[in-house]
Amino acid sequence: MIFGDLILMGGGPGAEGGGNPVLMIGWFVLLFLLFYLMLIRPQQKRQKKHAQLLSELKKGDRVVTTSGMFGTIFAISDEDNKVVLKINDQTKLEFLKSAISERVES
């Protein structure tokens, strides 16, 4: 029997023995690199782009909030980290600056 010989020789399922530690470390490094490239780096790029958008906002910009509300920036307070959006002629709402999702074309 071929399989019986493998088990007797210690090469079959349940065989004990440590793997090469350098190879294991290499797999962990490869896994971390893949994790970084697929998850961490794109998220950092999105955060940097969003921070740049928030720093470039000015009065009169048409924006959309994270909740999907459209409005025009009526006032900005960098100290309080707030913006006042003009929804229509009678309605002005105050939001955190971080609630601005993106700038839209008028």
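The values are calculated or read from the model by the stated rules, or taken from the named source; none is laboratory data. Note that the structure is a prediction, hence the values are computed from the model and not measured. Reconstructed Cβ throughout: ideal geometry from the backbone, glycine too, with neighbour counts over all protein chains shown.
Some notes on this structure:
- In the range 79-106, the residues that are surrounded by fewer than 15 Cβ atoms within 10 Å (Cβ to Cβ), of a type outside the set (A, V, I, L, M) and not in a strand (DSSP E or B): Glu79, Asp80, Asn81, Asn88, Asp89, Gln90, Thr91, Ser98, Glu105, Ser106
- Across the range 71-80, the number of residues qualifying as under 15 Å from Glu56 (Cβ atoms) and at pLDDT below 95 comes to 1.
- Filtering the range 50-78 to residues that are in a helix (DSSP H, G or I) and surrounded by 11 or more Cβ atoms within 10 Å (Cβ to Cβ) leaves His50, Ala51, Leu53, Leu54.
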